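Asker: I'd like to ask you about the structure that follows.
The values are calculated or read from the model by the stated rules, or taken from the named source; none is laboratory data. Values in this document were obtained by computation on a predicted structure and should not be read as measured data. Cβ placement follows ideal geometry from the backbone for every residue including glycine, while neighbour counts extend to all protein chains displayed. These area figures cover heavy atoms from the full protein model, side chains too; ligands, DNA and RNA do not enter into them. Shrake-Rupley method; radii C 1.70, N 1.55, O 1.52, S 1.80 Å.
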Amino acid sequence: MRVEIKVIGIVQGIGFRPFIYRIAAANKLKGFVRNRGDAGVEIVLEGREDKINHFLKDLKTKKPPLARIHKIVTNHTEETGNFARFAILKSSETRELSGSIIPPDVAICDECLQELRDITNPRHNYFFITCTNCGPRYTAIRQLPYDRENTTMKDFNMCEFCKKEYTSPANRRFHAQTVACPQCGPKAYLTTNKGQPLSYADPICEAGHLLEEGHVLAIKGYGGFHVATATLNDEPILRLRQIKHRAQKPFAIMTRNLETARTFAKVSPMEAETLSSYMKPIVLLDKAKDYYLSEQIAPSLHNLGVMLPYTGLHSMLFDRVKEPAFVMTSANAPSEPIVTDNTEALKKLGSIVDYFLFHDRPIAQRCDDSVIRLHNENVNFIRRSRGYAPAPINLKRTFKKNVIGVGAEENVTSCVLLSKKAFISQYVGDVENLETFKFLEKTVHHLMALTSAKIKVIACDLHPKFATTRLAQEIADKEGYLALPVQHHHAHMLSLMGEHDLDEILGIACDGYGYGNDGKAWGGEILHCNKDKFHRISHLQEQPMVGGDLATRYPLRMAAGILDGFTEIEDWLLANRKSFPHGDKEVQTIVEQLNSKAILPTTSSCGRILDAISATLNLCHERTYQGEPALKLESAATRGHDALRLEPEFLNSNLKTTNLVLAIFEARDKLSAEDLANSAQSYLAKGLAQLAIEAAHKIGIDTIGFSGGVAYNKHITLTIRKHVEKSGCKFLVHETIPAGDGGISFGQTIAAALSAD
Ligand SMILES: [Zn+2]
Ligand SMILES: [Zn+2]
Ligand SMILES: [Zn+2]
């Protein structure tokens, strides 16, 4: 009997062919296996029927841990008797089936880590130790099929020792394309910030010393460069802040191991599991009571981003130092994507760092670290990137048309929706300059090529001036796709509906900004979503933005607009004159604008209200990074309680916010900022829940969902949950898709898929 099998899924780059080889041999079958140009795998078997059936069972039940089989296509034919044995053949270029994809990068496995530590092993202290179960994949693969010449290992010829492992079926490195050793593989080296080589026998160990001494280093990793320094003293971090022009933005850190993490942060069992998973994301952990690292790592925040070493190089950095952790932040010029190229690194980072720790293996795809926050047991993806992308999210429904979404403006990702799978790209960032735009363009085309998807519709944001909207339009015109604009908050809710397979939901969508159907700024919305349609039921009270976008940067402007008419705004602003770049003059302009009765742009954004309260409580007067005022408010609130116990008030069935800001303003000298921060969040959560519950009862649906960047706020989310569940409704939040704008591209594809069906 002969059977031809095609396997679709994540089946290249994870030891799949060696696995097929082994189960074919165990079942005494002849034939071959090979990778295909469409990221799938093709198998031909000849032998006894019972053995073939046994093989097919093994294929499903014994597959390698990282393999994901989406579909198996079989075709039974007459045996030819042409095969003498079973073999792994050279890959074919055939691109015919869509839906397979290459795997994400995988953190160093335990066996490789053990070998790294074993002085008798030829790869002892070799920074680029990998096997079929671990190492870079997405970031190392230039094109398909997954063969060494299509990866960034192309120029490293295997030595005899590596080749022997590569060709031994029983070896863990059988057909591992990234196999390398100190003799034949990539080399790490230290240079000055001008690129002059420094000769050290052990450059990585030396880099660890330099970090501990307080130097700033750029370190090349899998998906780009990190900028690193010590964590116990303020001085190097302050210096880094100064040269990177990042006054307050929290830096992620990499700590030696889980035990060390527990000395400065609270780690729940689930957080421990997430930190140690083979994806090794950054996990936001609450600072421990006796937190002892520099306060400059995450100033005025109650938590900090922590990850564990995920490459041999990372582990080695900690080998001969006492430092419990190092700052490890993505290296990029302001609002540009992470740096990946050695020459570019010298040019863009040379003035920032003291030394470079380079290696000579290029990076094929740029990829930032992923960021996760847990709300008790619930996983929140703040950034879904390294370790996750481009592995697809499994959907419960099969969509007929293939579509792509390109995101909004901040935290952009792109997404290809194909049948029952959503392939979301790595984090692209804020598409506001040419570099990021080019990165997005490349990512969109790469994703379409990788999935071999035959696209019909390209979805984008409703905002006519976003760069992403322009890109979608360009691609649509060129390729003949249909371009479909999707309202921002509708996309947030659709991403939740797509994730949970719902046709209808009562949605609470809260974030900083989204372009509304009426052209106004939205961001605190109660929407009734029904398949690809939505109806805006209510929202937060619209508030003026004094100075337009300046009110986002300087949230006291937002507060001034809200409090105008209730207090002596001018005196209050003058008392805070230092918070405005132009001091008294700027205060005068604000007051004039308020008095002129000119029509100011308004917003219903929840983010802007949180910002205004943060500024009123003097927690943050300038937003130097995304979400800063709201994050500082949340941190303060963790130390307080709902002392004001304000009851939600409504105006034309919208939730009032003027009363809230005024109450906070009036109580600011009587109650602590912590208690007031907590009270403000409680008011908004209660009010939003009340609006949603009322609407749900009226319409007759029982599912309420929460999406948008504000859903990362633990207190707000848990408070809404409490009220919704008490009302008898079901409460849904995201589990696999980012609640913030990283999930917008996915929501857009759901709109496109539904409209196309
Ligand atoms: Zn390994
Ligand atoms: Zn070698
Ligand atoms: Zn949003």
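Asker: Once you put a point 7 Å from the Cα of ASP518 and another 7 Å from the Cα of VAL379, both along the Cβ direction, what distance in nm separates them?
Answerer: About 4.0 nm, to one decimal.
Asker: Okay, next question. With a 10 Å radius around each residue's Cβ, average the other Cβ atoms per peptide and rank 110-122, 413-425, highest first. If you can, show how the numbers build up before the last one.
Answerer: On the way: 110-122: 14.0, 413-425: 26.5.
The packing order, highest mean first, is 413-425, 110-122.
Asker: Also, I was wondering about something else. Please report the orientation-averaged projected area of region 543-732, defined via the convex hull of its C-alpha atoms, in nm². Could you put the intermediate results ahead of the total?
Answerer: Details: hull surface 42.8 nm².
Result: 10.7 nm².
Asker: Above 13 Å lies some portion of the pair distances; for region 78-138, what is it as a whole percent of all C-alpha pairs?
Answerer: Details: 1365 of 1830 pairs.
Cα-Cα pairs of region 78-138 separated by over 13 Å account for 75 percent.
Asker: Rounded to the nearest 0.05, what FRET efficiency do ASN53 and ARG397 have when you use their Cβ-Cβ distance and R0 = 35 Å? Intermediate values should be presented prior to the final figure.
Answerer: Numbers: r = 31 Å, r/R0 = 0.89.
So the FRET efficiency works out to roughly 0.65.
Asker: Which entries in LYS520/LYS722; LYS60/LYS90; LYS347/LYS632 show an alpha-carbon gap greater than 26 Å? Write out the running numbers ahead of the final one.
Answerer: Numbers: LYS520/LYS722 31 Å; LYS60/LYS90 24 Å; LYS347/LYS632 34 Å.
The pairs that break the limit, which is 26 Å between Cα atoms, are LYS520/LYS722; LYS347/LYS632.
Asker: For SER199, what charge total do you get from the other residues with a beta carbon under 13 Å from its beta carbon, if Lys and Arg give +1 and Asp and Glu give -1? Display every interim value, and only then the final one.
Answerer: Details: positive: LYS187; negative: ASP202, GLU206.
Every neighbour counted, the sum reads -1.
Asker: Would you mind getting the accessible area per residue of region 188-359, heavy atoms of the protein chains only, 1.4 Å probe, in Å²?
Answerer: Working: 6430 Å² over 172 residues.
Per residue, region 188-359 has an accessible area of 37 Å².
Asker: If pairing requires two Cys Cβ atoms under 4.7 Å apart, which cysteines of the chain are left without a partner?
Answerer: CYS112, CYS131, CYS162, CYS181, CYS205, CYS367, CYS415, CYS460, CYS529, CYS620, CYS729
Asker: Indicate the gyration tensor shape class of region 710-757 (rounded, prolate or oblate), computed on the Cα atoms with a ≥ b ≥ c the square roots of the eigenvalues: a/c under 1.5 is rounded; otherwise a/b larger than b/c is prolate and the rest oblate.
Answerer: Values: a/c = 4.05, a/b = 1.75, b/c = 2.32.
Judged from the Cα gyration tensor, region 710-757 comes out oblate (a/c at least 1.5, b/c at or above a/b).
Asker: If you find the alpha carbon centre of region 638-679 and of region 439-515, how far apart are they in angstrom?
Answerer: Spelled out, the Cα-based centre of one part sits 36 Å from the other.
Asker: Still on this structure: Dividing the convex hull volume of the Cα atoms of region 206-286 by its residue count, what figure in Å³ per residue is obtained?
Answerer: Numbers: hull volume 9.4 nm³, N = 81.
Each residue corresponds to 116 Å³ of Cα convex hull volume.
Asker: Is region 547-592 best put as rounded, prolate or oblate by its Cα gyration tensor, with a ≥ b ≥ c the root eigenvalues, rounded for a/c under 1.5, and otherwise prolate when a/b is larger than b/c, oblate when not? Let's see the in-between values first.
Answerer: Details: a/c = 1.62, a/b = 1.09, b/c = 1.48.
Oblate shape, in that a/c is at least 1.5 and b/c is the bigger or equal ratio.
Asker: For region 440-584, with all protein chains present and a 1.4 Å probe, just round the carbon and sulfur fraction of the accessible area to a whole percent. It would help to have the intermediate numbers written out before the result.
Answerer: Working: 2780 of 5630 Å².
Within region 440-584, the accessible surface is 49 percent carbon and sulfur.
Asker: Let me ask something else about it. Determine, from the Cβ-Cβ distance of SER168 and LYS289 and an R0 of 60 Å, the FRET efficiency 1/(1 + (r/R0)^6), rounded to the nearest 0.05.
Answerer: Efficiency, rounded to the nearest 0.05: 0.70.
Asker: Tell me which residues come under 5 Å, amide H to amide H, from THR151 once H is placed; ignore anything under 5 positions away on its chain.
Answerer: ARG142
Asker: At 1.4 Å probe radius, can you tell me the per residue accessible area of region 576-652 in Å²? Walk me through the numbers before you get to the answer.
Answerer: Numbers: 3740 Å² over 77 residues.
Accessible surface, normalised per residue, equals 49 Å².
Asker: Let me ask you something else. Say each of GLU649 and ALA201 gets a label point 7 Å from the Cα, pointing the same way as Cα to Cβ; how far apart are those two points in nm?
Answerer: 7.6 nm
Asker: Can I ask one more? What are the residues whose amide H is under 5 Å from the amide H of ASN303, where those residues sit 5 or more places off or on another chain and H is modelled from the backbone?
Answerer: Distant-sequence amide H within range of ASN303: LYS287.
Asker: Could I ask something else about it? I'd like to know which of ALA521, GLY185, THR274 lies farthest towards the positive end of the charge dipole of the chain, counting +1 on Cβ of Lys and Arg and -1 on Cβ of Asp and Glu.
Answerer: Checking the options against the dipole of the chain, the answer is GLY185.
Asker: Further question: Using modelled amide H (1.01 Å from N, peptide plane; none on Pro or chain starts), what sits under 5 Å from the amide H of ILE382, excluding residues fewer than 5 places away?
Answerer: VAL371, ILE372, ARG373
Asker: Also: Suppose R0 equals 41 Å; then what is the FRET efficiency for THR80 and LYS187 from their Cβ-Cβ distance, rounded to the nearest 0.05?
Answerer: Numbers: r = 48 Å, r/R0 = 1.16.
Calculated transfer efficiency: 0.30.
Asker: Can I ask one more? Could you state the per residue volume, in Å³, of the convex hull enclosing the Cα atoms of the chain?
Answerer: Values: hull volume 124.5 nm³, N = 757.
Looking at the chain, the number lands at 164 Å³ per residue.
Asker: Got a number for carbon plus sulfur as a percent of region 2-88's accessible area, 1.4 Å probe? Intermediate values should be presented prior to the final figure.
Answerer: On the way: 1800 of 3870 Å².
Within region 2-88, the accessible surface is 46 percent carbon and sulfur.
Asker: Using per-residue counts of other Cβ atoms within 10 Å, averaged over each peptide, order 670-681, 503-514 from highest down. Provide the component values of the computation, followed by the final result.
Answerer: Working: 670-681: 21.3, 503-514: 25.4.
Packing proxy ranking, top to bottom: 503-514, 670-681.
Asker: On the protein heavy atoms, probe 1.4 angstrom, tell me the percent of accessible surface of region 647-757 carried by carbon and sulfur.
Answerer: Values: 1870 of 3840 Å².
Summing carbon and sulfur atoms, their accessible area is 49 percent of the total for region 647-757.
Asker: Assuming a ≥ b ≥ c are the square roots of the Cα gyration tensor eigenvalues, decide whether region 247-383 counts as rounded (a/c under 1.5), prolate (otherwise, with a/b larger than b/c) or oblate. Spell out each step's value before the answer.
Answerer: Numbers: a/c = 1.60, a/b = 1.57, b/c = 1.02.
Prolate, since a/c reaches 1.5 and a/b exceeds b/c.
Asker: What is the distance in Å between the Cα centroid of region 558-587 and that of region 397-429?
Answerer: Computed from Cα coordinates, the inter-centre distance equals 43 Å.
Asker: Distance from the Cα centre of region 270-303 to that of region 186-225, in angstrom?
Answerer: 25 Å
Asker: What's the extension gain from LEU258 to MET270 if we count 0.36 nm per residue and subtract their Cα-Cα distance?
Answerer: On the way: separation 12, 0.36 × 12 = 4.32 nm, distance 1.24 nm.
Roughly 3.1 nm would be gained on extension.
Asker: Another question, if that's okay. Just to confirm, what accessible area per residue do you get for region 2-88 at 1.4 Å probe, in whole Å²?
Answerer: Working: 3870 Å² over 87 residues.
The answer is 44 Å² per residue.
Asker: Can you give the extra length, in nm with one decimal, that the chain gains between GLU435 and ILE599 once fully stretched, where that is 0.36 nm per residue apart less the Cα-Cα distance?
Answerer: On the way: separation 164, 0.36 × 164 = 59.04 nm, distance 3.61 nm.
Using 0.36 nm per residue and subtracting the Cα-Cα distance, I get 55.4 nm.
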